[in-house]
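Report on the following structure.
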Amino acid sequence: ATGRSLPGTDSLRRRAEAALRRCGAGPAADAVMEEIHRATGTDAPRTADDPANPDGPAVIRARTPLTGGTLGLLPAATAEQTEAAVAEAHRTFERWRTVPAPRRGALVKRLGELLTAHKEDLADLVTLEAGKIRSEALGEVQEMIDICDFAVGLSRQLYGRTIAGERPGHRLAETWHPLGVVGVISAFNFPVAVWSWNTAIALVCGDTVVWKPSERTPLTALACDGLLARAAADTGAPPGVHRLLLGARECGQRLADDPRMALVSATGSVRMGRHLAPRVAARFGRCLLELGGNNAAVVTPSADLDLTVRAIVFSAAGTAGQRCTSLRRLIVHEELADRLVARLVRAYRQLPLGDPFDAATLVGPLVDTAAHTALTAALATAERDGGKLLTGGDRCFTTEAPDAAYVRPAIVRMPAQTGIVRTETFGPVLYVLTYRTLDEAIALHNDVPQGLSSSIFTRDQREAERFLAADGSDCGIANVNIGTSGAEIGGAFGGEKETGGGRESGSDAWRAYMRRATNTVNYSADLPLAQGVNFL
Ligand code: NAD
C-alpha cells in the first residue's frame, strides 16, 4: 500500500519556516531565516555533501527526505566560531558549577515546559528533516519532555555515599561534582531526543554543553537551541550554558581534540566512533559512545505469535528501519519459521508507505537515496550468500520524488549468519535465520560485533530467564515479549562491543556527566595511616 501523494518542497519549506519561527526567540529566528534566504542565493556553496573540503563545508544544507529538496542553506561554523563557542561554554561552566543543583533544575524545568508548548512544531521539524511519521516524531519530542522531568527530579538527587572507613575518628565519603563542558555530537535519526538526553542531564549536573547536531538536521537543532535560550532567559541562567555549532565531521573533530571538552558524548555510526574515540583518548578526555546496533530477536515455539508479529513489524519496519535499535535479525525456531515468515510477509505488504505527515502512513522515506543504494547493495550481497528476498527493497514514488527514497521494507531468509547479516545496514532489512536449540540461538544472537538491543519472544520462563542471564544476550538492552526498539527514558540506554559501551538517559547514567571525589576527613587528633603503615 502506498499513500496518496507527496507534498512539494515549497510547502514543506513554508512549514519548516513557520515551526522555526514559533520556536525561535523572535529576532533570533528572523535572523536565522534571513541567513537561510541569503545563503540559498549563494552560488555553488561548499555544502556538507562536498567531500573535498579540508576545513569542512562553508554551508550546511537543510534538506528534507520527503522530497529530497532543499529547505535552506545555513552557514557552517568556522574554526574561529567553534573556538569561541567552546571558550564561552568553558567560561560559563566556571560559574554554572557553583549554582545549586536544584536551581539548575529550574532551567531544565522551564525547558520541559517550552518543549511541551512546542511539541507540534518540533515534531514537524523532525518529520521534515528525518522523515519520521507523525506519531513517531511526536513520540520523540515526548521523550525530550520526559527526560526533562527526570532531570529535574535528579537535580535534587545527585547522591554520593558515605563509606565505612577503617580508621577511628575519620569519615570516608564520596562527592559528585560538575565535570566541565560536554560536547554532544548527534546522529540524524534521533535529531532531538539524543540531544535532550545529554543536555537535560548535563545541565542539572552543572555542566555546560556544546552541541554539534547531524549536518542533516540543522533546523531541528536551531529550534531546540532557540527554546533552550528562551528557558535560560526566563530563569536567569547564563546563555553560555548551551552553544550550538552547525557543521559536519570536521566540527566534531575540533571538539574531540579540544582539551576543554571534558566529555564528548557521540552518537552515530561505528565508523564515526572508531575515528573519534582515539582522538579524545589521545588527550585523556572522556568519551561516551552510542554507536551502531545489529539487533536480534529470538522467537521460540511457545511465543504468542499475534503479539510477536506486531512487535517485529514495529521494530523492523518502523522508522523505516532507521533506529539504532531497529530489529535487523530474526532468529526463529525452525518449527515455526515458515508460519511466522508467511505472516510477516503478509503484514509487510500491507504497510502504508508514503508521506509521513499523512496520519495513515506507517513507513516514511529513508534519509536519502544513498541509504537506498546501501540497502540495495546489502540485499544483493545477501542473495549472493544464498539468501532469498521474500519481499521489499524496491523504491516507490520514483516519478513524483526522484530525489527521495521511499523504500518497501525487506525480509530476507538467510541460510546462515553471513558477513552482511553481521553488518549494520541502516535501513529496513530483516534477515531471518533459524535455530534448533536455545544455546544455538543465543550463540547466533551474540555472534555479531555490535551489542545494543535484543529480545526474546517466549512464554517459557526458563527460556526468558536464560536469555537475560549472564550467559544469555550480551547486549546493553535485553527484552522479553517486546521488540528491540522503543526504550523508555527511565532505564540506562546503550550497548556493548562496537556499540561503544556508553550509557545515557535514565538510571544512574548521570554519573558519566560528573566527576567523583573521594573524601577522607580526619576529625581526630591522631594520624593513623591506612593498612597499618607506620611512619614518623
Ligand atoms: P554518522 O556517524 O554519519 O554521524 C553521526 C554524527 O557524527 C554526525 O553529527 C556527524 O557529523 C558526526 N561525525 C561523523 N563522522 C565524524 C568524525 N569522524 N568525527 C567527528 N564527528 C563525526 O551517523 P548517522 O548516519 O547520522 O546516524 C546513523 C548511525 O547512528 C547508525 O549507525 C545508528 O545505529 C547510530 N545511532 C546510534 C544510536 C545509539 O544510541 N547507539 C542512536 C542513534 C543512531
Which trypsin sites (Lys or Arg not before Pro) does the range 253-338 hold that lie in a coil by DSSP with at most 11 other beta carbons within 10 Å?
-> ARG283
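Helix-only mean residue ellipticity at 222 nm, the chain, DSSP H runs n ≥ 4 weighted -39,500 (n - 2.57), per residue, nearest 500. What is it?
Details: 15 runs with 208 residues, N = 536.
Taking each H run of at least 4 residues, the total per residue is -12500 deg cm²/dmol.
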Would you please classify the overall shape of the range 293-351 from the alpha carbon gyration tensor, given that a ≥ b ≥ c denote the square roots of the eigenvalues, rounded means a/c under 1.5, and beyond that prolate means a/b larger than b/c while oblate covers the rest?
-> oblate
If you project the alpha carbons of the range 171-330 onto their three principal axes, what span does each projection cover, largest first, in Å?
-> 56, 42, 39
For THR175 and ALA374, what is the calculated FRET efficiency with R₀ set at 56 Å and r taken between the beta-carbons, to the nearest 0.05?
-> 0.70
Between the alpha carbon centres of the range 374-425 and the range 238-281 the gap in Å comes to 32
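Calculate the FRET efficiency for ASP447 and PHE284 from the Cβ-Cβ distance with a Förster distance of 30 Å, rounded to the nearest 0.05.
Working: r = 34 Å, r/R0 = 1.12.
Approximately 0.35, to the nearest 0.05.
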Anchor LYS388: aspartates and glutamates whose Cα lies under 20 Å away (excluding residues fewer than 8 positions away in-chain) = GLU334, GLU335, ASP338, GLU424
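Just to be sure I understand: of the beta bridges DSSP finds with both ends in the chain, what percent are antiparallel, rounded to 5? Display every interim value, and only then the final one.
Values: 26 of 69 bridges.
Counting DSSP beta bridges with both partners in the chain, the antiparallel share is about 40 percent.
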Would you mind ranking LYS109, LYS388 so that the residue whose beta carbon has the fewest other beta carbons within 10 Å leads the list?
-> LYS388, LYS109
What percent of all Cα-Cα pairs in the chain falls in each 10 Å bin, counting up from 0?
-> 4, 18, 27, 25, 16, 7, 2, 1, 0
Be a star and scan the range 303-339 for residues whose amide nitrogen sits under 18 Å from the point 7 Å along the Cα-to-Cβ vector of GLU440.
-> 303, 330-339
With a ≥ b ≥ c the root eigenvalues of the C-alpha gyration tensor of the range 296-436, is it rounded (a/c under 1.5), prolate (a/b larger than b/c) or oblate?
-> oblate
Hey, can you rank 460-470, 297-307, 68-78 by average C-beta count inside 10 Å, highest first?
-> 68-78, 297-307, 460-470
Scan around VAL332 for amide H atoms under 5 Å from its own, H built in the peptide plane at 1.01 Å from N, and keep only partners 5 or more places away or cross-chain.
-> VAL299, LEU433, THR434, TYR435
Counting only the backbone N, which residues of the range 66-87 are under 17 Å from the spot 7 Å out from the Cα of ASP257 toward its beta-carbon?
-> 77-87
Counting other Cβ atoms within 10 Å of each Cβ, which GluC sites (Glu not before Pro) in the range 131-183 have at most 11 and sit in a DSSP loop?
-> GLU166
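Throughout, read-outs are computed from the coordinates displayed, never taken from laboratory work. Keep in mind that this is a model prediction, so the values were computed, not measured. We place every Cβ from the backbone using ideal geometry, glycine too, and count neighbours over all the protein chains shown.
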